[in-house]
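Here's the structure we're looking at; comments come further down.
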Amino acid sequence: MIARYSPPLAGSPSRLLRLTPPSPLPSRLSLAAAATRRRTFATSLKMPDLNLQHVNPSFLKVEYAVRGELAIKAEKYREMLKTEEGRKELPFDRVVSSNIGNPQQKGLDQKPLTFGRQVAALLEYPALMESGKDLFPEDVIARAKELYEEIGSIGAYSHSQGVPYIRKNVAAFIEKRDGYPANPNHIFLTAGASFGVDLLLNLLISDEKSGILIPIPQYPLYTAAIARHSGVPVSYYLDESKGWSTDPAEVERAILKGKEDGVELKALVVINPGNPTGGVIAEQTAEELIRLCEKYGLVLLADEVYQDNLHEREKHGFHSFKKLVRKLDSNVPLVSFHSISKGVTGECGRRGGYFELANVSEEIVALIYKMVSVGLCPPLGGQIGVDCLVRPPQEGEPSYQLWKDETTAIHNALAKRGKIMTERLNALPGMSCAPALGALYLYPKIELLPKQIEAAKKIGKAPDMLYCHELLDETGICAIPGSGFGQKEGEGHFRLTCLCDGVEEYVDKLETFHRKFYAKYGPAGQ
């Protein structure tokens with residue numbers, strides 16, 4: 001018999017240790033029956049389905065045209081072309097990914113710069129620093145060893161703000177470019193510039209009345225991030241008739257309109273050189289924009305990821321907002337973004353970039369550090385890419401001439417393709433295209449035809465979206481309509497990259513399609 005303690009009855013004069021017979025142990029059959037009852041009870045409670053009614057409503061407002069329905073359809077066609085049946089069904093033999101600035105994507109095939117890839121290879125497999133001495137140039141091995149001393153294995157987390165040594169190198173790059181010092185502690189390495197943009201918008205949007213001034217047309221990252229964080233996009237329009245220039249008077253009009261509408265304006269976004277337009281902001285214009293930010297108490301967000309993509313560098317040069325803020329002795333809070341995805345580097349998949357804070361308080365720097373630390377650290381491969389971006393081979397070093405030849409070839413190819421495409425697009429009926437002074441894109445305007453507008457309305461699409469769908473269906477060229485970037489009411493545009501090799505064949509297909517499209521939707525005899 002097992003002794004069990006039973007508490008005394010109320011009013012019992014003493015505590016008693018009572019001996020009671022043990023309860024019988026449950027049998028296997030009774031355990032199985034109990035389990036069955038539990039399952040039956042659980043299934044009788046109807047679990048709610050996870051559907052769109054259960055998600056964050058701001059997610060439903062997000063649209064990102066460059067990866068939207070056209071890109072999804074293009075991927076479907078690409079898969080179809082891998083099968084004999086699909087090849088017979090489609091009227092083209094390849095998909096041309098003109099929808100996104102992704103230089104090394106299969107089909108565009110821009111070659112990576114040798115220096116950066118060699119340094120990355122040695123840090124991926126450090127034993128090659130010794131065993132590969134006959135395979136790699138001396139300056140590549142020296143750079144890899146230098147970084148390895150600072151980083152160690154790239155399989156380990158780094159400092160949350162990015163490797164301190166690389167941030168010092170970024171600061172030196174900025175100082176050399178602008179002639180003004182940069183603080184490494186105010187530089188954050190990121191997983192591409194997009195991460196930094198999203199983080200800063202999240203920081204600035206404090207409620208549903210928080211407004212962010214954005215150029216129209218704009219890169220859809222901005223409208224997507226503003227929607228996700230429940231802010232208000234406030235549009236200012238670029239001037240297509242003047243090469244997509246930025247007019248400070250138009251920016252001020254948008255500011256006053258936002259205030260009139262009860263929006264609490266937080267920041268002004270500038271994209272320089274422009275995406276999707278290729279416009280380059282002149283120095284005087286940039287200074288006027290800084291003064292507007294001073295006047296209205298705005299943070300300036302400068303997206304400068306295309307700063308090395310200049311097609312007429314001597315006439316239309318790049319002027320960083322950091323340099324001009326310091327030159328004007330302005331106190332405007334400034335965040336500048338850069339990336340290894342664009343320029344001539346084109347390392348989109350390695351996810352490397354940075355942003356620099358200027359005229360920002362230490363308490364805000366600390367807050368941003370806290371937020372990035374939640375994600376532990378930016379990718380080490382991307383950080384190494386940033387180091388190679390800001391510290392390319394120098395003249396006299398073994399890797400310099402190859403690096404110079406590779407980068408010059410990419411610059412020349414982009415400028416040549418852009419010029420050919422602009423000339424031929426402007427020769428088409430109902431189409432006009434401002435020449436791109438920078439970046440990787442053209443943004444031609446198409447005249448919208450009444451039958452086209454009617455047909456688009458019937459299927460619930462914008463007229464230029466209809467154009468891009470039919471372009472993809474007939475030629476395999478994936479372009480993105482202006483309705484995905486923003487445009488004035490009643491206009492139509494589409495964005496093409498200048499990254500596609502074989503530009504003559506590419507434009508031949510586009511020309512043939514455009515003439516057929518205008519014959520289909522235009523008035524009889526057009």
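The values are calculated or read from the model by the stated rules, or taken from the named source; none is laboratory data. Model, not experiment: these values are computed from the prediction. A quick note on method: Cβ atoms are made from the backbone with ideal geometry, for glycine too, and the neighbour counts reach across all protein chains shown. Surface areas here come from the heavy atoms of the whole protein model, side chains and all, with no ligands, DNA or RNA. Shrake-Rupley method; radii C 1.70, N 1.55, O 1.52, S 1.80 Å.
Observations, loosely collected:
- Filtered by the rule that a residue be assigned to a helix (DSSP H, G or I) and surrounded by fewer than 19 Cβ atoms within 10 Å (Cβ to Cβ), the stretch 152-168 gives Pro164, Tyr165, Lys168.
- When residues of the stretch 354-396 are limited to those that are acidic (Asp, Glu) and part of a helix (DSSP H, G or I), the one farthest from Glu138 (Cα to Cα): Glu363
- If only residues of the stretch 319-353 that are assigned to a helix (DSSP H, G or I), in contact with a helix residue (DSSP H, G or I) (Cβ under 6 Å, 6 or more places away or on another chain) and open to solvent by 10 Å² or more (accessible area, probe 1.4 Å) are counted, the one that is farthest from Gly196 (Cα to Cα) is Lys323.
- Those residues of the stretch 418-446 which are assigned to a helix (DSSP H, G or I) and crowded, with 23+ Cβ neighbours inside 10 Å, in sequence order: Gly418, Met421
- Scan of the stretch 502-514 for residues that are surrounded by 13 or more Cβ atoms within 10 Å (Cβ to Cβ) and of a type in the set (D, E, K, R), ordered by number: Asp508, Lys509, Glu511
- Of the residues making up the stretch 354-385, those that are crowded, with 21+ Cβ neighbours inside 10 Å and small (Gly, Ala, Ser) are Ala358, Gly382, Gly385.
- Taken as a whole, the stretch 117-125 holds at least one residue that is under 26 Å from the mean Cα position of the chain (by Cα), acidic (Asp, Glu) and at pLDDT 90 or above.
- Some residue of the stretch 469-487 being in contact with a helix residue (DSSP H, G or I) (Cβ under 7 Å, 6 or more places away or on another chain) and of a type in the set (Ser, Thr, Tyr): yes
- All positions within the stretch 241-265 that are open to solvent by 40 Å² or more (accessible area, probe 1.4 Å) and either of a type in the set (D, E, K, R) or assigned to a strand (DSSP E or B) (or both): Lys242, Asp247, Glu252, Arg253, Lys257, Lys259, Glu260, Asp261, Glu264
- Boolean, Arg143 is basic (Lys, Arg), farther than 28 Å from Ala413 by Cβ, surrounded by 15 or more Cβ atoms within 10 Å (Cβ to Cβ) and touching a helix residue (DSSP H, G or I) at 6+ places or on another chain (Cβ under 7 Å): no
- Residues of the stretch 318-334 that turn out to be in contact with a strand residue (DSSP E or B) (Cβ under 7 Å, 6 or more places away or on another chain) and farther than 10 Å from Glu304 by Cα, as a count: 5
- Here Ile281 does not qualify as surrounded by 20 or more Cβ atoms within 10 Å (Cβ to Cβ) and in a helix (DSSP H, G or I).
- Any hit, the stretch 93-113, residues being under 21 Å from Leu389 (Cα atoms), open to solvent by less than 90 Å² (accessible area, probe 1.4 Å), in contact with a Phe, Trp or Tyr (Cβ under 7 Å, 6 or more places away or on another chain) and not small (Gly, Ala, Ser): yes
- Where helices (runs of 4 or more DSSP H) fall entirely within the stretch 449-526, those with at least 2 residues that are of a type in the set (Asp, Glu) are at 463-475, 503-521.
- Conditions (1) in contact (Cβ under 8 Å) with a residue 40 or more places away in the chain; (2) out of contact with any strand residue (DSSP E or B) (no Cβ under 6 Å at 6 or more places or on another chain); (3) under 26 Å from Lys516 (Cβ atoms); number of the one not met by Met421: (2)
- Qualifying residue in the stretch 462-478 (condition: at pLDDT 90 or above, open to solvent by 40 Å² or more (accessible area, probe 1.4 Å) and of a type in the set (Val, Ile, Thr)): no
- Output for the stretch 184-239, where each listed residue is open to solvent by 20 Å² or more (accessible area, probe 1.4 Å), assigned to a strand (DSSP E or B) and aliphatic (A, V, I, L, M): Val232
- Evaluation of Lys461 against the conditions (1) over 21 Å from Leu238 (Cβ atoms); (2) under 23 Å from the mean Cα position of the chain (by Cα) shows that the sole unmet condition is (2).
- Ala456 passes every criterion in (1) without any contact (Cβ under 8 Å) to a residue 12 or more places away in the chain; (2) open to solvent by 10 Å² or more (accessible area, probe 1.4 Å); (3) of a type outside the set (D, E, K, R) apart from (2).
- Screening Ala224, Ala249, Ala193 for residues that are under 30 Å from Pro435 (Cβ atoms), of a type in the set (A, V, I, L, M, F, W, C) and modelled with pLDDT of 95 or more leaves exactly one candidate, Ala249.
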